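The values are calculated or read from the model by the stated rules, or taken from the named source; none is laboratory data. Please read these numbers as outputs of a predicted model, since none were measured by experiment. Virtual Cβ from ideal backbone geometry, glycine too; neighbours counted across all protein chains shown. SASA here: full protein model, heavy atoms, side chains in, ligands and nucleic acids out. Shrake-Rupley method; radii C 1.70, N 1.55, O 1.52, S 1.80 Å.
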Amino acid sequence: VLTSQRPSSKTPTGAIVVAPALRPELVLEMRHVAGLVTDTGGALCHAAVVARELNLPCVSGTGDATQRIETGWWLEMDGTTGEVRKL
């Protein structure tokens, strides 16, 4: 399950959130997601730090994930290698 652009309280539990960047006000919404993918950032970006704190996989700095991934797709991701695959 995937949600794109703007995670909110309506984000399904277990979703992988794909967004341009993770904004600080969305941190509380991240407690029930399965992973984070962002267009911008790196090892020290806000999404990566929050993901480490919540023990979530995170792939940041993709450049174009929000344009290439559509809402509703089923994804598999590996935060260690930085791979995101459509199932």
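A few points about this structure:
- Restricting 81, 66, 11 to residues that are modelled with pLDDT of 90 or more, surrounded by 16 or more Cβ atoms within 10 Å (Cβ to Cβ) and not in a strand (DSSP E or B) narrows the list to 66.
- Looking across the stretch 28-63, just one residue is surrounded by fewer than 18 Cβ atoms within 10 Å (Cβ to Cβ), among the β-branched types (Val, Ile, Thr) and not in a helix (DSSP H, G or I), and that is 40.
- For residue 21, the conditions (1) among the aliphatic types (A, V, I, L, M); (2) modelled with pLDDT of 85 or more; (3) touching a Gly at 6+ places or on another chain (Cβ under 8 Å); (4) open to solvent by less than 40 Å² (accessible area, probe 1.4 Å) are fulfilled apart from (4).
- Near pairs, Cβ below 6 angstrom, 6+ apart or cross-chain, from the stretch 57-81 (aromatic (Phe, Trp, Tyr)) to any residue that is open to solvent by less than 30 Å² (accessible area, probe 1.4 Å): 73/2
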